[in-house]
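What follows is one structure encoded as structure tokens, with my remarks underneath.
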Amino acid sequence: MIKVKEAVIVEGKYDKIRLSSLIDGLIITTDGFGIFKDKEKMQMLRRLAETRGLLIITDSDSAGFVIRNHLKSCIPPEHIKHAYIPDVFGKERRKTEHSKEGKIGVEGMTTEVLTEALQKAGVICTGGNSADVGKKRMITRQDFFRAGLSGGEGSSARRAELLAFLGLPQRMTANALLGVINDYMTWEQFEKYFGV
């Protein structure tokens, strides 16, 4: 079992069941789009965010990103960490048909993929303090521009290449990618990969 300090936010009960076999910690469902109308649950998530932080792990389809973006708009970013699962096409065993976009969600991911997503999000507690990320060189929007990842010809293709390299969903925008890139790569790795 992986001990996680943050409250883990997932879309539905099957995601919660899947992560319960892997995570030792608090797991809360948004009940899909139910989070948009549930003011009490949102109030609870805000309190949890302030006291222990949140880890959001949603499916990599459009619905997952809508839920993730809603939570991002309601809770200060310094209280949220994001774990992303890659685009994997297929269907979960319990379902008779593929999802609308044909992607497997959190519930269908392997333990290895989920563990890697948690590690990249920087939430796995291994006993003791985690590394002090406040002192590391952060990757900025200017770095993204110089690397050709935003604001220029071919930038979307370069982002798609980086997303594939990092095993992230292809749906991510430049701003969303920048929001997680510092958890996924060091400045040195970024500099070496892009030659900036």
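The values are calculated or read from the model by the stated rules, or taken from the named source; none is laboratory data. What you see is a predicted model, and the numbers here were worked out from it, not measured in a lab. With ideal geometry, Cβ positions are generated from the backbone for all residues, glycine too; neighbour counts draw on all protein chains shown. Note: areas computed on protein heavy atoms with side chains; ligands, DNA, RNA excluded. Shrake-Rupley method; radii C 1.70, N 1.55, O 1.52, S 1.80 Å.
Things worth noting here:
- Most fluctuating residue given options I17, I57, I75, as computed from a GNM of the chain linking Cα atoms under 10 Å: I17
- Accessible area in the full protein assembly, largest first, 1.4 Å probe, for D143, D24: D24, D143
- What you get for the chain, charging only the Cβ of Lys and Arg (+1) and of Asp and Glu (-1), is a dipole of about 300 debye around the Cα centre.
- Counted over the range 1-154, the DSSP beta bridges are approximately 20% antiparallel.
- Listed by chain and number, the aspartates and glutamates whose alpha-carbon sits under 17 Å from that of K41, ignoring those within fewer than 8 places in the same chain, are E6, E11, D31, E50.
- Estimated 222 nm signal from helices in the chain, with DSSP H stretches of n ≥ 4 weighted -39500 (n - 2.57), rounded to 500: -12500 deg cm²/dmol
- A dipole drawn for the range 37-173 from +1 and -1 charges on Cβ atoms has a positive end, and of A164, M109, F145 the residue lying farthest that way is F145.
- Note on the range 146-191: with charges restricted to the Cβ of Lys and Arg (+1) and Asp and Glu (-1), its dipole about the Cα centre is near 180 debye.
- Here the Gaussian network model covers the chain, with springs between Cα atoms less than 10 Å apart; of L71, L178, L114, L178 fluctuates the most.
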